[in-house]
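To start, the structure under review is shown below, and the notes come after it.
The values are calculated or read from the model by the stated rules, or taken from the named source; none is laboratory data. Model, not experiment: these values are computed from the prediction. Virtual Cβ from ideal backbone geometry, glycine too; neighbours counted across all protein chains shown. Ligands, DNA and RNA are stripped out before the accessible areas are found, and what is left, the full protein with its side chains, is counted by its heavy atoms. Shrake-Rupley method; radii C 1.70, N 1.55, O 1.52, S 1.80 Å.
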Amino acid sequence: MAKSDDCVHILQGLLVFGNVVIGMCGIALTAECIYVVSNPHGAYPLLKATENSDIHAAAWIGIFVGLALFALSILGIIGVIKASRTLLLVYIILMLITFAFEMASSITAATHQDSLTPNVFLKQMLERYQKSEPNNNSDNEVTKTWDELMRQNHCCGVNGPSDWQEYTSAFRDTHRDADYPWPRACCVLDAKGLPVNLDGCKLGVSGYYNSNGCYDAISGPVNAHAWGVAWFGFAILCWTFCVLLGTMFYWSGIEY
């Protein structure tokens, strides 16, 4: 190369270090996205039923992007050390493709929450919870997920028990208001999973039914996963962009 050996060695060292960081970030991104996909806090059937599972699509993209970043970081280190124009050209092209995929993943994860409003989950719950004639297995999954969600988080409905009183629902079509003002899962349950005081729950006596809604229990974990995938992805993109610029500069100075 035409530049001084000292400058070249410094640039090589920086690029090797940059690719080591990219490789480590790739592993971390893959691990994070695997966690999101495999541990969706029970909310995935609800997201699927709303036809908005963008966060999981973004996470799947993130898994493969993370693996690609790790593999490309190794290729980049070898190319820099050997000062191979061919290897570095392949590295740059593949890294730009990977960069585009990660950009799509991060944007998808960051913007998905705009459509996950309380009304979206409320409409889904009213139409599909304990539907008398489920259209498909998805309706049964929605019912099961809502039951588990209300029991585990000691909540009721999306905004509160009033959801079951103020709106027409599939649940109300098959249950008398006097006997089931809201699902049994809204009652305070004992260790055996039975209402502590069924009459008190039916009458809405404080302490015997759960008065808070479940929206925060749904949106909290989902948004935390989304921001994790999105902003960690953006951070990786910023670092990768700098390393790519340095690699292009280094590549342009390698003699044929």
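What number of residues in region 215-256 are acidic (D, E) and at pLDDT 85 or above? Working first, answer last.
Of all residues in region 215-256, those acidic (D, E) come to 216, 255.
The next check asks that each one be at pLDDT 85 or above; those that pass are 216.
Residues meeting the conditions: 1.
Return a yes/no flag: does region 179-187 have any residue that is in a loop (DSSP other than H, G, I, E, B), under 23 Å from the mean Cα position of the chain (by Cα) and of a type outside the set (S, T, Y). I'd like the intermediate steps shown before the answer.
Pass one, region 179-187, residues in a loop (DSSP other than H, G, I, E, B): 179-183.
Narrowing the set further to residues that are under 23 Å from the mean Cα position of the chain (by Cα) leaves none.
Checked region 179-187: no residue is in a loop (DSSP other than H, G, I, E, B), under 23 Å from the mean Cα position of the chain (by Cα) and of a type outside the set (S, T, Y).
Six or more apart or on different chains, Cβ under 6 Å: which pairs go from a residue in region 204-224 that's in contact (Cβ under 8 Å) with a residue 40 or more places away in the chain and within 22 Å of T111 (Cβ to Cβ) to one that's aliphatic (A, V, I, L, M) and crowded, with 19+ Cβ neighbours inside 10 Å? Could you list them?
Close Cβ pairs (under 6 Å, with a partner that is aliphatic (A, V, I, L, M) and crowded, with 19+ Cβ neighbours inside 10 Å) amount to Y215/V158; I218/A43; V222/A43.
From the set of residues in region 189-199 that are not β-branched (V, I, T) and not in a helix (DSSP H, G or I), which is most open to solvent (accessible area, probe 1.4 Å)?
Only one residue fits best here, namely K192.
Can you pull out every residue in region 131-162 that is open to solvent by 90 Å² or more (accessible area, probe 1.4 Å), in a helix (DSSP H, G or I) and either under 24 Å from A191 (Cα atoms) or modelled with pLDDT of 85 or more (or both)?
Result: K144, R151, Q152.
Residue-wise test of (1) closer than 30 Å to M125 by Cβ; (2) out of contact with any Phe, Trp or Tyr (no Cβ under 9 Å at 6 or more places or on another chain).
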{"position": "I61", "(1), (2)": "yes, no"}
{"position": "V65", "(1), (2)": "no, no"}
{"position": "L72", "(1), (2)": "no, no"}
{"position": "L96", "(1), (2)": "no, yes"}
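From the residues in region 170-188 that are in contact (Cβ under 8 Å) with a residue 24 or more places away in the chain and open to solvent by 50 Å² or more (accessible area, probe 1.4 Å), which one is farthest from Q124 (Cα to Cα)?
The extreme case among them is A178.
Check region 107-130 and report whether any residue there is hydroxyl-bearing (S, T, Y), at pLDDT below 90, surrounded by 15 or more Cβ atoms within 10 Å (Cβ to Cβ) and part of a helix (DSSP H, G or I).
Step one: of region 107-130, the residues hydroxyl-bearing (S, T, Y) are 108, 111, 115, 117, 129.
Imposing the further condition that a residue be at pLDDT below 90 reduces the set to 108, 111, 115, 117, 129.
Then drop every residue that is not surrounded by 15 or more Cβ atoms within 10 Å (Cβ to Cβ), which leaves 108, 129.
Checking which are part of a helix (DSSP H, G or I) leaves us with 108.
Yes, region 107-130 contains a residue that is hydroxyl-bearing (S, T, Y), at pLDDT below 90, surrounded by 15 or more Cβ atoms within 10 Å (Cβ to Cβ) and part of a helix (DSSP H, G or I).
Looking at (1) open to solvent by less than 60 Å² (accessible area, probe 1.4 Å); (2) more than 23 Å from V36 (Cβ to Cβ); (3) in contact with an Asp or Glu (Cβ under 6 Å, 6 or more places away or on another chain), which one does K202 not meet, given that it meets all the others?
Here K202 meets the rest and fails (3).
If you go through region 163-186 one residue at a time, do you hit one that is of a type in the set (F, W, Y) and touching a Gly at 6+ places or on another chain (Cβ under 8 Å)? Reasoning before the result, please.
Of region 163-186, the ones of a type in the set (F, W, Y) are 164, 167, 171, 180, 182.
Filter again for touching a Gly at 6+ places or on another chain (Cβ under 8 Å), leaving 164, 182.
Among the residues of region 163-186, at least one is of a type in the set (F, W, Y) and touching a Gly at 6+ places or on another chain (Cβ under 8 Å), which makes the answer yes.
Which residues, counting only those in region 205-224, are open to solvent by 50 Å² or more (accessible area, probe 1.4 Å) and of a type in the set (S, T, N, Q)?
Answer for region 205-224, where residues must be open to solvent by 50 Å² or more (accessible area, probe 1.4 Å) and of a type in the set (S, T, N, Q): S206, S211, N212.
List pairs: first residue in region 234-256 and in contact (Cβ under 8 Å) with a residue 12 or more places away in the chain, second residue assigned to a helix (DSSP H, G or I) and open to solvent by 60 Å² or more (accessible area, probe 1.4 Å) anywhere in the structure, Cβ distance under 7 angstrom, at least six positions apart or on different chains.
From region 234-256, the pairs are L237/M103; G246/L14; W251/L89.
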